[in-house]
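Participant: Got a structure for you, questions after.
The values are calculated or read from the model by the stated rules, or taken from the named source; none is laboratory data. Being a predicted model, the structure only gives us computed values, none of them experimental. With ideal geometry, Cβ positions are generated from the backbone for all residues, glycine too; neighbour counts draw on all protein chains shown. Ligands, DNA and RNA are excluded from the accessible area calculation, which covers all protein heavy atoms including side chains. Shrake-Rupley method; radii C 1.70, N 1.55, O 1.52, S 1.80 Å.
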Amino acid sequence: MRQDQRRPPLAVLTQLIAMLLLSGCVMAVGLSDTPNLYLGGRTYPDRAVPAPLQVTNPPIFFVTDRNALGSEGRVTGYGSDRSDAMAFGRAQVEFQAGSWTDLVERTYVDRGRRMSRLDVTQVEEMVRFPLIPLQARRRDGGLRITPEARAAYSAQEEAFKAALRTEVKRTGNGRVLVYVHGVGNDFENALQTLANIWHFSGRRSTPVAFTWPAGNGGALGYFQDREAADFSVFHAKEFLRLMAEVPEVEDIDIVAHSRGTSVMTQALREMVIFQQGRGAAPKTAMKTGTLILAAPDLDTGVARQRITSERVTEAFEQVNIYVNPDDSALRLSSFLTKHPRVGAAEREDFAAGELAQLRKEALVHFIRVEGAGSAHSHSYFRQNPAVMSDIVLALRTRAFPGGTLRPLEEDADLFWRLQPNYPLERLPVLEPEPGR
(Lines give C-alpha, C1' and ligand atoms only; values in the text may rest on other atoms or scores of the structure.)
Protein backbone atom coordinates (compact mmCIF):
# COMPACT_ATOMS: atom_id res chain seq x y z
CA MET A 1 0.00 0.00 0.00
CA ARG A 2 1.51 3.27 -1.11
CA GLN A 3 2.16 6.17 1.24
CA ASP A 4 0.83 8.91 -1.09
CA GLN A 5 -1.22 11.77 0.35
CA ARG A 6 -4.74 12.92 -0.50
CA ARG A 7 -5.50 16.50 0.35
CA PRO A 8 -9.14 17.50 0.03
CA PRO A 9 -9.98 20.89 -1.50
CA LEU A 10 -10.56 23.77 0.88
CA ALA A 11 -14.36 23.65 0.65
CA VAL A 12 -14.39 19.95 1.47
CA LEU A 13 -11.85 20.44 4.24
CA THR A 14 -14.05 23.12 5.83
CA GLN A 15 -16.99 20.73 5.82
CA LEU A 16 -14.90 17.92 7.26
CA ILE A 17 -13.55 20.10 10.06
CA ALA A 18 -17.13 20.98 10.94
CA MET A 19 -17.84 17.26 11.14
CA LEU A 20 -14.83 16.82 13.38
CA LEU A 21 -16.11 19.49 15.76
CA LEU A 22 -19.36 17.54 16.01
CA SER A 23 -17.67 14.18 16.53
CA GLY A 24 -18.15 14.36 20.28
CA CYS A 25 -21.93 14.73 19.95
CA VAL A 26 -22.94 11.14 20.50
CA MET A 27 -26.40 10.02 19.43
CA ALA A 28 -28.22 6.90 20.54
CA VAL A 29 -28.04 3.91 18.22
CA GLY A 30 -31.39 2.43 17.25
CA LEU A 31 -32.09 -0.82 15.48
CA SER A 32 -30.44 -0.80 12.07
CA ASP A 33 -32.46 -1.02 8.89
CA THR A 34 -33.41 -4.58 8.06
CA PRO A 35 -30.51 -6.19 6.17
CA ASN A 36 -31.37 -6.90 2.54
CA LEU A 37 -30.73 -10.54 3.36
CA TYR A 38 -33.92 -10.69 5.45
CA LEU A 39 -36.34 -8.66 3.36
CA GLY A 40 -37.72 -11.83 1.77
CA GLY A 41 -38.92 -13.01 5.16
CA ARG A 42 -37.29 -16.45 5.06
CA THR A 43 -33.73 -16.58 6.30
CA TYR A 44 -33.52 -15.26 9.87
CA PRO A 45 -32.60 -18.33 12.01
CA ASP A 46 -35.11 -17.66 14.80
CA ARG A 47 -35.72 -21.37 15.49
CA ALA A 48 -31.98 -21.90 16.00
CA VAL A 49 -31.68 -19.15 18.63
CA PRO A 50 -31.08 -20.73 22.08
CA ALA A 51 -34.22 -20.64 24.20
CA PRO A 52 -32.70 -18.37 26.91
CA LEU A 53 -31.96 -15.77 24.23
CA GLN A 54 -35.43 -15.71 22.63
CA VAL A 55 -36.18 -12.51 24.54
CA THR A 56 -36.46 -8.80 23.80
CA ASN A 57 -34.04 -7.79 26.59
CA PRO A 58 -30.98 -10.04 26.19
CA PRO A 59 -27.74 -9.60 28.16
CA ILE A 60 -24.90 -7.88 26.33
CA PHE A 61 -21.54 -8.22 28.08
CA PHE A 62 -18.72 -5.68 28.19
CA VAL A 63 -15.11 -5.21 29.15
CA THR A 64 -14.00 -1.63 29.63
CA ASP A 65 -11.25 0.62 30.93
CA ARG A 66 -13.52 3.66 31.05
CA ASN A 67 -14.11 5.45 34.35
CA ALA A 68 -17.09 4.12 36.31
CA LEU A 69 -20.17 6.30 36.88
CA GLY A 70 -22.77 5.73 39.55
CA SER A 71 -24.24 6.67 42.87
CA GLU A 72 -24.49 5.19 46.35
CA GLY A 73 -21.72 2.73 45.62
CA ARG A 74 -23.46 1.25 42.54
CA VAL A 75 -22.07 1.44 39.01
CA THR A 76 -24.70 2.66 36.55
CA GLY A 77 -22.50 3.30 33.50
CA TYR A 78 -19.11 4.43 32.27
CA GLY A 79 -17.74 7.72 31.01
CA SER A 80 -15.05 8.86 28.57
CA ASP A 81 -12.22 9.24 31.10
CA ARG A 82 -9.58 6.53 31.47
CA SER A 83 -9.35 3.95 34.20
CA ASP A 84 -6.26 1.94 35.11
CA ALA A 85 -8.57 -0.84 36.28
CA MET A 86 -10.31 -3.08 33.75
CA ALA A 87 -13.93 -4.02 34.49
CA PHE A 88 -16.21 -6.78 33.20
CA GLY A 89 -19.97 -6.77 33.40
CA ARG A 90 -23.28 -7.12 31.63
CA ALA A 91 -26.19 -4.94 30.71
CA GLN A 92 -29.58 -5.59 29.24
CA VAL A 93 -30.39 -4.08 25.87
CA GLU A 94 -34.12 -3.67 25.44
CA PHE A 95 -35.40 -4.13 21.88
CA GLN A 96 -38.62 -2.17 21.51
CA ALA A 97 -40.92 -5.05 20.63
CA GLY A 98 -43.87 -6.62 22.40
CA SER A 99 -42.50 -10.16 22.45
CA TRP A 100 -39.92 -12.46 20.87
CA THR A 101 -42.41 -13.35 18.11
CA ASP A 102 -43.03 -9.68 17.45
CA LEU A 103 -39.29 -9.03 17.36
CA VAL A 104 -38.74 -11.78 14.79
CA GLU A 105 -41.49 -10.35 12.59
CA ARG A 106 -40.01 -6.87 12.84
CA THR A 107 -36.61 -8.31 11.90
CA TYR A 108 -38.09 -9.32 8.54
CA VAL A 109 -40.22 -6.35 7.60
CA ASP A 110 -39.07 -3.36 5.60
CA ARG A 111 -37.89 0.00 6.91
CA GLY A 112 -41.31 1.34 7.85
CA ARG A 113 -41.94 -0.90 10.89
CA ARG A 114 -38.50 -1.37 12.38
CA MET A 115 -37.92 -0.56 16.05
CA SER A 116 -36.58 2.93 16.58
CA ARG A 117 -34.90 2.43 19.96
CA LEU A 118 -32.53 0.10 21.75
CA ASP A 119 -32.39 0.97 25.43
CA VAL A 120 -29.46 -0.03 27.65
CA THR A 121 -30.76 -1.02 31.08
CA GLN A 122 -29.59 -2.71 34.28
CA VAL A 123 -25.85 -2.20 33.97
CA GLU A 124 -24.06 -4.58 36.34
CA GLU A 125 -20.33 -4.59 37.01
CA MET A 126 -19.42 -8.18 37.83
CA VAL A 127 -15.61 -8.07 38.05
CA ARG A 128 -13.14 -5.23 38.70
CA PHE A 129 -9.48 -5.96 38.20
CA PRO A 130 -6.75 -4.30 40.31
CA LEU A 131 -5.17 -1.10 39.11
CA ILE A 132 -2.24 -1.49 36.73
CA PRO A 133 0.70 -1.54 36.76
CA LEU A 134 0.76 -4.23 39.43
CA GLN A 135 3.26 -3.72 42.22
CA ALA A 136 6.63 -5.27 41.37
CA ARG A 137 10.06 -5.56 42.97
CA ARG A 138 13.47 -6.22 41.47
CA ARG A 139 14.76 -9.65 42.44
CA ASP A 140 17.30 -12.06 40.95
CA GLY A 141 18.13 -9.67 38.14
CA GLY A 142 14.50 -9.20 37.08
CA LEU A 143 11.40 -7.19 37.91
CA ARG A 144 8.87 -9.53 39.58
CA ILE A 145 5.24 -8.87 40.42
CA THR A 146 4.77 -9.28 44.16
CA PRO A 147 2.91 -12.41 45.35
CA GLU A 148 0.20 -10.24 46.91
CA ALA A 149 -0.43 -8.31 43.68
CA ARG A 150 -0.37 -11.49 41.62
CA ALA A 151 -2.86 -13.18 43.92
CA ALA A 152 -5.27 -10.23 43.79
CA TYR A 153 -5.14 -10.08 39.99
CA SER A 154 -5.47 -13.87 39.62
CA ALA A 155 -8.59 -13.85 41.77
CA GLN A 156 -10.29 -11.46 39.36
CA GLU A 157 -9.06 -13.47 36.37
CA GLU A 158 -10.81 -16.51 37.78
CA ALA A 159 -13.96 -14.51 38.50
CA PHE A 160 -14.03 -13.29 34.88
CA LYS A 161 -13.54 -16.79 33.51
CA ALA A 162 -16.21 -18.23 35.79
CA ALA A 163 -18.76 -15.61 34.69
CA LEU A 164 -18.04 -16.18 31.00
CA ARG A 165 -18.14 -19.96 31.50
CA THR A 166 -21.54 -19.67 33.19
CA GLU A 167 -23.00 -17.74 30.25
CA VAL A 168 -21.62 -20.15 27.66
CA LYS A 169 -23.12 -23.08 29.55
CA ARG A 170 -26.45 -21.27 29.95
CA THR A 171 -26.85 -20.60 26.22
CA GLY A 172 -24.65 -23.23 24.60
CA ASN A 173 -22.95 -20.46 22.61
CA GLY A 174 -19.25 -21.32 22.69
CA ARG A 175 -18.48 -18.80 19.97
CA VAL A 176 -17.82 -15.26 21.25
CA LEU A 177 -18.60 -12.15 19.19
CA VAL A 178 -16.42 -9.17 20.14
CA TYR A 179 -17.20 -5.63 18.99
CA VAL A 180 -14.76 -2.71 19.28
CA HIS A 181 -16.06 0.79 18.49
CA GLY A 182 -14.35 3.86 17.07
CA VAL A 183 -13.95 7.47 18.15
CA GLY A 184 -16.90 9.55 19.33
CA ASN A 185 -18.73 6.55 20.79
CA ASP A 186 -19.91 6.37 24.37
CA PHE A 187 -20.47 3.27 26.50
CA GLU A 188 -24.10 2.79 25.50
CA ASN A 189 -23.33 3.21 21.78
CA ALA A 190 -20.96 0.26 21.98
CA LEU A 191 -23.58 -2.02 23.50
CA GLN A 192 -26.33 -0.87 21.12
CA THR A 193 -24.19 -1.41 18.04
CA LEU A 194 -23.09 -4.85 19.21
CA ALA A 195 -26.72 -5.73 19.92
CA ASN A 196 -27.53 -4.92 16.28
CA ILE A 197 -24.77 -7.08 14.81
CA TRP A 198 -25.37 -9.92 17.25
CA HIS A 199 -29.14 -9.98 16.72
CA PHE A 200 -29.01 -9.90 12.93
CA SER A 201 -26.28 -12.56 12.84
CA GLY A 202 -28.63 -14.95 14.63
CA ARG A 203 -27.74 -14.72 18.34
CA ARG A 204 -25.59 -17.86 18.07
CA SER A 205 -22.66 -16.33 19.94
CA THR A 206 -21.90 -14.71 23.29
CA PRO A 207 -21.71 -10.92 22.68
CA VAL A 208 -18.95 -8.94 24.44
CA ALA A 209 -18.14 -5.30 23.71
CA PHE A 210 -14.63 -4.05 24.37
CA THR A 211 -15.35 -0.39 25.03
CA TRP A 212 -12.42 1.97 25.49
CA PRO A 213 -12.44 5.63 26.69
CA ALA A 214 -13.82 7.27 23.53
CA GLY A 215 -16.50 9.92 23.26
CA ASN A 216 -14.45 12.95 24.33
CA GLY A 217 -16.20 16.10 23.19
CA GLY A 218 -15.04 19.42 21.78
CA ALA A 219 -12.73 20.41 18.95
CA LEU A 220 -9.91 18.21 20.31
CA GLY A 221 -12.08 15.22 21.11
CA TYR A 222 -10.87 13.25 18.10
CA PHE A 223 -7.25 13.57 19.20
CA GLN A 224 -8.10 12.65 22.80
CA ASP A 225 -9.87 9.56 21.53
CA ARG A 226 -6.89 8.57 19.36
CA GLU A 227 -4.61 8.68 22.39
CA ALA A 228 -7.13 6.72 24.46
CA ALA A 229 -7.04 3.98 21.82
CA ASP A 230 -3.32 3.49 22.46
CA PHE A 231 -3.95 3.55 26.21
CA SER A 232 -6.36 0.61 25.94
CA VAL A 233 -4.11 -1.85 24.08
CA PHE A 234 -2.85 -3.56 27.24
CA HIS A 235 -6.34 -4.21 28.53
CA ALA A 236 -7.44 -5.44 25.09
CA LYS A 237 -4.65 -8.02 25.19
CA GLU A 238 -5.63 -9.15 28.67
CA PHE A 239 -9.26 -9.43 27.63
CA LEU A 240 -8.46 -11.60 24.60
CA ARG A 241 -5.99 -13.74 26.57
CA LEU A 242 -8.48 -14.46 29.35
CA MET A 243 -11.28 -15.40 26.95
CA ALA A 244 -9.04 -17.86 25.13
CA GLU A 245 -8.17 -19.51 28.46
CA VAL A 246 -11.81 -20.43 29.11
CA PRO A 247 -12.16 -24.07 27.98
CA GLU A 248 -15.81 -23.63 27.00
CA VAL A 249 -14.97 -20.82 24.56
CA GLU A 250 -14.55 -22.34 21.10
CA ASP A 251 -13.96 -19.41 18.74
CA ILE A 252 -13.64 -15.64 19.00
CA ASP A 253 -14.90 -13.46 16.13
CA ILE A 254 -13.97 -9.78 16.15
CA VAL A 255 -15.71 -6.82 14.51
CA ALA A 256 -13.84 -3.53 14.86
CA HIS A 257 -14.78 -0.11 13.49
CA SER A 258 -12.76 3.00 12.69
CA ARG A 259 -10.12 3.71 15.35
CA GLY A 260 -11.18 0.59 17.21
CA THR A 261 -9.29 -1.29 14.50
CA SER A 262 -6.08 0.27 15.82
CA VAL A 263 -6.79 -0.96 19.36
CA MET A 264 -7.48 -4.50 18.16
CA THR A 265 -4.77 -4.90 15.52
CA GLN A 266 -2.08 -3.61 17.86
CA ALA A 267 -3.25 -5.97 20.62
CA LEU A 268 -3.50 -8.88 18.17
CA ARG A 269 -0.05 -8.16 16.75
CA GLU A 270 1.57 -8.37 20.17
CA MET A 271 -0.34 -11.54 21.03
CA VAL A 272 0.65 -13.21 17.76
CA ILE A 273 4.32 -12.35 18.35
CA PHE A 274 4.07 -13.84 21.86
CA GLN A 275 2.49 -17.07 20.62
CA GLN A 276 5.02 -17.42 17.80
CA GLY A 277 7.84 -16.85 20.30
CA ARG A 278 6.65 -19.72 22.45
CA GLY A 279 6.29 -21.97 19.44
CA ALA A 280 2.46 -22.11 19.48
CA ALA A 281 0.12 -21.78 16.50
CA PRO A 282 -1.53 -18.37 17.03
CA LYS A 283 -4.99 -19.38 15.83
CA THR A 284 -5.11 -22.45 18.05
CA ALA A 285 -3.80 -20.65 21.12
CA MET A 286 -5.90 -17.51 20.64
CA LYS A 287 -9.07 -19.29 19.40
CA THR A 288 -9.61 -16.50 16.89
CA GLY A 289 -12.02 -17.00 14.00
CA THR A 290 -13.15 -14.21 11.64
CA LEU A 291 -11.78 -10.67 11.78
CA ILE A 292 -13.87 -7.83 10.33
CA LEU A 293 -12.37 -4.35 10.00
CA ALA A 294 -15.01 -1.79 9.02
CA ALA A 295 -13.87 1.65 7.82
CA PRO A 296 -10.48 1.16 9.51
CA ASP A 297 -8.83 4.42 10.58
CA LEU A 298 -5.37 2.92 10.08
CA ASP A 299 -2.35 4.36 8.34
CA THR A 300 -1.76 2.11 5.31
CA GLY A 301 1.94 1.71 6.12
CA VAL A 302 1.21 0.86 9.74
CA ALA A 303 -1.40 -1.64 8.61
CA ARG A 304 1.08 -3.32 6.27
CA GLN A 305 3.55 -3.78 9.13
CA ARG A 306 1.03 -4.62 11.83
CA ILE A 307 -1.26 -6.98 9.91
CA THR A 308 0.87 -8.54 7.18
CA SER A 309 4.54 -8.17 8.10
CA GLU A 310 3.89 -9.43 11.64
CA ARG A 311 1.58 -12.14 10.22
CA VAL A 312 -1.45 -11.22 12.32
CA THR A 313 -3.60 -12.84 9.64
CA GLU A 314 -2.12 -16.21 10.65
CA ALA A 315 -4.44 -16.10 13.66
CA PHE A 316 -7.68 -15.91 11.62
CA GLU A 317 -9.78 -17.99 9.25
CA GLN A 318 -10.23 -14.86 7.15
CA VAL A 319 -9.95 -11.07 7.37
CA ASN A 320 -12.63 -8.87 5.77
CA ILE A 321 -11.78 -5.18 5.32
CA TYR A 322 -14.63 -2.89 4.24
CA VAL A 323 -13.48 0.27 2.44
CA ASN A 324 -15.24 3.33 1.09
CA PRO A 325 -13.17 5.80 -0.98
CA ASP A 326 -15.87 8.42 -0.26
CA ASP A 327 -15.50 8.09 3.52
CA SER A 328 -15.43 11.75 4.57
CA ALA A 329 -14.17 11.09 8.11
CA LEU A 330 -11.20 9.10 6.82
CA ARG A 331 -10.41 11.74 4.22
CA LEU A 332 -10.06 14.22 7.07
CA SER A 333 -7.97 11.76 9.09
CA SER A 334 -5.73 11.27 6.05
CA PHE A 335 -5.31 15.03 5.67
CA LEU A 336 -4.47 15.53 9.34
CA THR A 337 -1.96 12.67 9.49
CA LYS A 338 -0.54 13.17 5.96
CA HIS A 339 -0.98 9.48 5.14
CA PRO A 340 -3.83 7.56 3.45
CA ARG A 341 -6.13 5.39 5.55
CA VAL A 342 -6.92 1.76 4.87
CA GLY A 343 -10.66 2.35 5.13
CA ALA A 344 -10.59 4.68 2.12
CA ALA A 345 -8.11 2.62 0.08
CA GLU A 346 -8.16 2.52 -3.71
CA ARG A 347 -6.28 0.44 -6.25
CA GLU A 348 -3.33 2.85 -6.47
CA ASP A 349 -2.63 2.38 -2.76
CA PHE A 350 -1.35 -1.13 -3.44
CA ALA A 351 1.80 -2.35 -5.13
CA ALA A 352 1.51 -4.55 -8.20
CA GLY A 353 0.35 -8.01 -7.19
CA GLU A 354 -0.14 -7.05 -3.53
CA LEU A 355 -3.90 -7.55 -3.42
CA ALA A 356 -3.63 -10.96 -5.06
CA GLN A 357 -0.94 -12.00 -2.59
CA LEU A 358 -2.96 -10.76 0.39
CA ARG A 359 -6.00 -12.72 -0.73
CA LYS A 360 -4.20 -15.95 -1.62
CA GLU A 361 -1.69 -16.24 1.20
CA ALA A 362 -3.07 -14.10 4.04
CA LEU A 363 -6.81 -14.66 3.36
CA VAL A 364 -7.38 -10.90 3.44
CA HIS A 365 -10.35 -9.63 1.40
CA PHE A 366 -10.88 -5.95 0.55
CA ILE A 367 -14.55 -5.15 0.01
CA ARG A 368 -15.44 -1.85 -1.66
CA VAL A 369 -18.80 -0.47 -0.49
CA GLU A 370 -20.77 1.31 -3.21
CA GLY A 371 -23.38 3.98 -2.64
CA ALA A 372 -22.13 4.98 0.82
CA GLY A 373 -21.25 8.61 0.17
CA SER A 374 -23.99 10.15 2.31
CA ALA A 375 -24.00 11.26 5.93
CA HIS A 376 -23.35 7.61 6.81
CA SER A 377 -20.14 7.40 4.76
CA HIS A 378 -18.19 6.31 7.87
CA SER A 379 -20.85 4.46 9.89
CA TYR A 380 -22.13 2.47 6.92
CA PHE A 381 -21.27 -0.87 8.53
CA ARG A 382 -24.33 -0.55 10.77
CA GLN A 383 -26.46 1.82 8.65
CA ASN A 384 -26.19 0.16 5.25
CA PRO A 385 -28.50 -2.88 4.74
CA ALA A 386 -26.14 -4.32 2.12
CA VAL A 387 -23.04 -4.12 4.33
CA MET A 388 -24.90 -5.53 7.31
CA SER A 389 -26.05 -8.40 5.08
CA ASP A 390 -22.48 -9.30 4.17
CA ILE A 391 -21.25 -9.04 7.76
CA VAL A 392 -24.10 -11.34 8.81
CA LEU A 393 -23.24 -13.83 6.06
CA ALA A 394 -19.55 -13.79 6.99
CA LEU A 395 -20.38 -14.51 10.64
CA ARG A 396 -23.14 -17.03 9.99
CA THR A 397 -21.62 -19.05 7.14
CA ARG A 398 -17.82 -18.55 7.59
CA ALA A 399 -17.75 -18.40 3.77
CA PHE A 400 -15.19 -16.46 1.72
CA PRO A 401 -16.45 -13.71 -0.62
CA GLY A 402 -17.48 -14.65 -4.13
CA GLY A 403 -19.20 -18.00 -3.57
CA THR A 404 -22.87 -18.89 -3.41
CA LEU A 405 -23.08 -18.07 0.30
CA ARG A 406 -21.51 -14.59 -0.12
CA PRO A 407 -22.23 -13.61 -3.74
CA LEU A 408 -19.99 -10.55 -3.93
CA GLU A 409 -18.78 -9.55 -7.37
CA GLU A 410 -15.09 -9.14 -8.14
CA ASP A 411 -13.77 -6.03 -9.88
CA ALA A 412 -10.83 -6.10 -12.26
CA ASP A 413 -8.63 -4.49 -9.58
CA LEU A 414 -9.30 -7.45 -7.21
CA PHE A 415 -11.55 -5.52 -4.85
CA TRP A 416 -14.82 -7.23 -4.07
CA ARG A 417 -17.75 -4.99 -4.99
CA LEU A 418 -20.64 -4.62 -2.52
CA GLN A 419 -23.62 -3.06 -4.30
CA PRO A 420 -26.44 -1.24 -2.44
CA ASN A 421 -28.97 -4.00 -3.18
CA TYR A 422 -26.63 -6.92 -2.31
CA PRO A 423 -27.18 -9.89 -2.31
CA LEU A 424 -29.44 -9.01 -5.24
CA GLU A 425 -31.50 -11.87 -6.57
CA ARG A 426 -28.77 -14.32 -5.56
CA LEU A 427 -30.12 -14.83 -2.08
CA PRO A 428 -28.02 -17.64 -0.56
CA VAL A 429 -29.69 -20.78 0.66
CA LEU A 430 -29.15 -20.88 4.41
CA GLU A 431 -30.36 -23.35 7.02
CA PRO A 432 -34.09 -24.06 6.63
CA GLU A 433 -36.56 -22.69 9.12
CA PRO A 434 -39.19 -25.35 9.91
CA GLY A 435 -42.74 -24.13 9.74
CA ARG A 436 -41.94 -20.87 7.98
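Participant: Work out the FRET efficiency for residue 42 and residue 138 from their Cβ-Cβ distance, taking R0 = 45 Å, and round it to the nearest 0.05.
Facilitator: My answer for the efficiency is 0.10.
Participant: Residue 69: accessible area at probe 1.4 Å, nearest 10 Å²?
Facilitator: Rounded to the nearest 10, the figure is 80 Å².
Participant: Check the straight Cα-Cα distances from residue 360 and name the aspartates and glutamates below 13 Å, setting aside those fewer than 8 residues away within the same chain.
Facilitator: Within reach: 314, 317.
Participant: So, with a 1.4 angstrom probe, what is the percent of accessible area on the range 328-431 that is carbon and sulfur?
Facilitator: 54
Participant: Separate question: Go ahead and run the numbers for FRET between residue 126 and residue 231, Cβ-Cβ distance against an R0 of 30 Å, rounding to 0.05. Before the final figure, lay out the partial values.
Facilitator: Details: r = 23 Å, r/R0 = 0.76.
It comes to 0.85.
Participant: Hey, another quick one. Before I look further, what does the range 311-387 give for accessible area per residue, probe 1.4 Å, in whole square angstrom?
Facilitator: 35
Participant: What's the extension gain from residue 326 to residue 409 if we count 0.36 nm per residue and subtract their Cα-Cα distance?
Facilitator: Numbers: separation 83, 0.36 × 83 = 29.88 nm, distance 1.95 nm.
Result for the pair: 27.9 nm of gain on full extension.
Participant: So, in nm, how far is label residue 82 from label residue 33 when the simple model puts each one 7 Å beyond its Cα toward the Cβ?
Facilitator: Once both label points are built, they end up 3.9 nm from each other.
Participant: Then there is this: Restricting everything to alpha-carbon atoms, can you work out Rg to Rh for the chain with a Kirkwood hydrodynamic radius?
Facilitator: Details: Rg = 21.1 Å, Rh = 22.2 Å.
Result: Rg/Rh = 0.95.
Participant: Same structure again: If you count, for each residue, the other Cβ atoms within 10 Å and average over each peptide, how do 52-64, 143-155 line up from highest to lowest?
Facilitator: 52-64, 143-155
Participant: Can you work out the Karplus-derived ³J(HN,Hα) for every residue in the range 83-99? Use 6.51 cos²θ - 1.76 cosθ + 1.60 with θ = phi - 60°, whole Hz, and x for glycine or proline.
Facilitator: Couplings: 10, 7, 10, 7, 10, 10, x, 9, 9, 9, 10, 8, 7, 6, 9, x, 6 Hz.
Participant: Once neighbouring chains are kept in place and the probe is 1.4 Å, which whole percent of the accessible area of the range 42-193 is contributed by carbon and sulfur?
Facilitator: 46
Participant: Ok, one more. Out of the DSSP beta bridges found with both residues in the chain, what percent are antiparallel (nearest 5)?
Facilitator: 45
Participant: Report Rg(Cα)/(2.2 N^0.38 Å) for the range 244-330, keeping two decimals.
Facilitator: 1.11
Participant: Using just the alpha carbons, could you tell me how many Å³ per residue the convex hull of the range 38-142 encloses?
Facilitator: 191
Participant: Then there's this: Can you give the FRET efficiency for residue 155 and residue 280, using 1/(1 + (r/R0)^6), R0 = 25 Å, r = Cβ-Cβ distance, to the nearest 0.05?
Facilitator: The pair residue 155/residue 280 has a calculated efficiency of 0.45.
Participant: Note the full-extension length gain between residue 424 and residue 109 as 0.36 nm times their separation in residues minus their Cα-Cα distance, in nm to one decimal.
Facilitator: 111.7 nm
Participant: Below 21 Å, Cα to Cα, which lysines can residue 161 reach? Residues fewer than 8 away in the same chain don't count.
Facilitator: Candidates past the 8-residue exclusion: 169, 237, 283, 287.
Participant: Could I ask something else about it? Using a probe radius of 1.4 Å on heavy atoms only, what accessible surface per residue do you get for the range 206-287? Whole Å² is fine.
Facilitator: Numbers: 2580 Å² over 82 residues.
Averaged over the residues of the range 206-287, the accessible area is 31 Å².
Participant: Right, something else. Amide H neighbours of residue 398 under 5 Å, at least 5 residues apart or on other chains, H built in the peptide plane: list them.
Facilitator: Residues meeting the amide H criterion: none.
Participant: May I pose another question? At 1.4 Å probe size, with every protein chain present, just tell me what the per residue accessible area of the range 22-111 comes to in Å².
Facilitator: About 41 Å² of surface per residue is accessible.
Participant: Continuing with the same structure: Mean-square fluctuation check for the chain, GNM, Cα pairs under 10 Å: which of 140, 186, 81 is largest?
Facilitator: Answer for the Gaussian network model of the chain: 140.
Participant: Ignoring everything but the protein chains, give the 1.4 Å probe accessible area of residue 170 in square angstrom, nearest 10.
Facilitator: Accessible surface of residue 170 is approximately 100 Å².
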